[in-house]
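Notes follow once the structure below has been shown.
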Amino acid sequence: MTDAPVLLITGARKGIGRALVSHYLERGCRVVGCSRQPSDLQAEGYVHHCVDVTDETAVRKLMGEIRRLGGLSALINNAGVAAMNHALLTPLDAVRKILETNVVGTFLLCREAARLLRAAPHGRIVNFSTVAVPLNLEGEAAYAASKAAVETLTRVLARELAPLGITCNAVGPTPIATDLIRGVPKDKIDRLVASQPIPRMGRPEEVANVIDFFLRPESDFVTGQVIYLGGVS
């Protein structure tokens with residue numbers, strides 16, 4: 001187990017993040033998870049840290065802990081917050097929280113993780129976007145804008161980190177039944193799903209499938225890409 005690759009998954013306490021933790025533990029990886037709150041998941045090969053991804057000091061401390069595990073093979077930037085309100089009804093505090101977590105948090109984790117990933121045989125970063133970006137969905141101005149920024153960040157980092165042997169890609173899920181969308185009215189989710197070429201909700205294992213592709217050693221030549229689910233382009 002000590003020779004197994006180490007993956008860092010943010011937002012690992014619940015939803016897609018937790019599903020990804022289980023997915024990679026089953027594949028023999030060592031997994032470090034983090035979230036703002038403690039996790040009740042206890043498993044061999046898994047360590048959980050309470051970290052706010054926007055806290056630079058806490059993120060650097062987390063990287064120190066990972067270094068002591070022997071290094072890092074991949075970062076999966078799953079942590080994020082969402083809102084679905086008309087722009088005229090969206091409080092500024094909500095916009096700031098979305099941008100801080102989704103953009104600043106993603107940037108900070110990428111920057112600090114890259115310092116460890118450069119020593120990996122196949123360093124990998126996978127960020128999270130959303131189909132709300134290409135679909136230009138009403139009610140998701142702040143959320144979609146934050147994820148559009150993540151996509152640009154992904155493409156720029158792909159160029160900057162390529163000389164270090166690190167690839168940087170992103171996955172854009174469709175709506176998945178997690179806490180992220182629990183507060184969104186069903187009719188809004190139904191309209192979103194109906195706009196997809198494959199009109200159904202997504203599943204965590206479908207997200208994992210895309211991430212598996214990005215993490216493969218054979219994907220060394222794939223970087224700066226965003227793959228959307230549900231047939232969205």
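What follows is calculated from the coordinates using simple rules that are stated; it is not laboratory data. Everything numeric in this text was worked out from a predicted model, so none of it was measured. Every residue, glycine as well, gets a Cβ built from its backbone with ideal geometry; the counts of neighbours run over all protein chains shown.
Points to keep in mind about this one:
- Long-range HN-HN contacts of residue 81 with modeled amide H, under 5 Å: 102
- Inter-site label distance for residue 186 and residue 233 at 7 Å from Cα along Cβ, in nm: 3.4 nm
- Of all the options 147, 186, 14, the one that moves most in a Gaussian network model of the chain with Cα springs shorter than 10 angstrom is 186.
- Reach of residue 147 by Cα under 16 Å, taken over lysines that are not fewer than 8 positions away in the same chain: 97
- Net charge, residue 65 excluded, C-beta distance under 13 Å - Lys, Arg +1, Asp, Glu -1: +4
- Computed extension length for residue 111-residue 3: 36.4 nm, one decimal, from 0.36 nm per residue of separation with the Cα-Cα distance subtracted.
- The H on the amide N of residue 172, modeled in the peptide plane, is under 5 Å from the matching H of 129, 227, 228, 229, each at least 5 residues off or on a different chain.
- Taking amide H atoms as placed 1.01 Å from N in the peptide plane, the amide H of residue 123 lies under 5 Å from those of 167, each 5 or more residues away in sequence or on another chain.
- Peptides 98-104, 162-168, 70-76, 192-198 ordered by packing proxy, namely the average of other Cβ atoms within 10 Å per residue, highest first: 70-76, 98-104, 162-168, 192-198.
- Gap separating the Cα centres of the range 1-74 and the range 128-153, nearest whole Å: 26 Å
- Note: relative contact order over the chain, using C-alpha pairs below 8 Å and six or more positions apart, is 18 percent.
- Kirkwood Rh and Cα Rg combined as Rg/Rh, the chain: 0.95
- Among complete DSSP H helices in the chain, those whose alpha-carbon atoms stretch at least 18 Å along the helix's long axis and whose mean Kyte-Doolittle hydropathy reaches 0.0 are 141-161.
- The chain - share of DSSP beta bridges that are antiparallel (%, nearest 5): 0 percent
- Computed log₁₀ I(q)/I(0) - Debye formula, equal Cα scatterers, no solvent, the range 123-233, q 0.11 Å⁻¹: -0.36
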